[in-house]
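These notes are about the structure you will find just below.
The values are calculated or read from the model by the stated rules, or taken from the named source; none is laboratory data. The structure presented is a predicted model; accordingly, all values stated were derived computationally and were not measured. Heads up, the Cβs are rebuilt from the backbone with ideal geometry, glycines too, and the neighbour counts pull from every protein chain shown. Surface accessibility is based on the protein's heavy atoms, side chains included, excluding ligands, DNA and RNA. Shrake-Rupley method; radii C 1.70, N 1.55, O 1.52, S 1.80 Å.
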Amino acid sequence: MKFSILSAAMLALGLVITPVMQPLQAAPTDKEKQVEAILELLSHLEIDNIGDDLFAMMAERTVPTMRASVPNLPEEAYAMLHEELSSAFKRATADLLTSNVRLYLEHLSPEEVNDLNAFYSTPSGKKMLQVIPILMQQSLYLRQEWTQRLDRDVHQTCTERLKQEGYLNK
């Protein structure tokens with residue numbers, strides 16, 4: 001499945017248009033190499049299968065909702081709806097992947113993409129990929145705590161200063 005999605009994304013970008021009659025041994029262009037490197041990076045970051053993840057979440061919500069709204073449908077109808085949803089996501093995944101490739105092409109040089117791919121292939125890079133979601137979640141929690149503490153401290157400091165200056169009753 002990934003091969004067809006990746007191929008569709010590359011074709012949709014217009015970067016890997018290969019005439020049918022072109023020999024298979026033709027060397028890839030620089031742009032094709034860039035796209036391949038970005039696709040490798042997206043694979044490291046697990047962005048290349050985001051459509052699968054979104055589909056699983058959507059199917060988890062949609063099929064039960066359909067069952068509740070149209071409870072008298074036979075099981076094969078729900079299975080058909082699940083298939084339709086799956087097909088829609090598979091078609092849309094190529095567009096999402098194409099958009100991500102364009103985004104990475106816009107913001108990263110070929111050298112940076114190659115450096116990132118090299119890093120994410122190391123044990124440290126693989127570890128970083130595992131802990132990034134945990135770090136991001138915990139960092140968000142720390143930021144919320146910090147903001148609450150700062151808000152409380154600033155409020156207290158400002159209130160005390162206003163009292164000192166006689167703007168508030170003590």
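Some points to look at:
- 106, 84, reordered so the largest accessible area comes first (probe 1.4 Å): 106, 84
- Gyration tensor verdict on region 49-170 (Cα atoms; rounded if a/c is under 1.5, prolate if a/b is larger than b/c, oblate otherwise): oblate
- Shape class for region 94-138, computed from the alpha carbon gyration tensor (a ≥ b ≥ c): oblate, with a/c not under 1.5 and a/b at or below b/c.
- The solvent-accessible area of residue 57, taken with every protein chain present and a 1.4 Å probe, is close to 100 Å².
- Candidate aspartates and glutamates for bridging to residue 170, where Cα separation is under 12 Å - those fewer than 8 sequence places away on the same chain excluded: 160
- Ordering of 157-168, 30-41 by burial proxy (mean other Cβ atoms within 10 Å per residue, highest first): 30-41, 157-168
- Accessible area of residue 152 in the full protein assembly, 1.4 Å probe (Å², nearest 10): 130 Å²
- Whichever aspartates and glutamates have a C-alpha closer than 20 Å to that of residue 163, once near sequence neighbours (fewer than 8 apart) are set aside: 151, 153
- Partner aspartates and glutamates for residue 90 [C-alpha distance under 15 Å; skip if fewer than 8 residues away on the same chain]: 48, 52, 53
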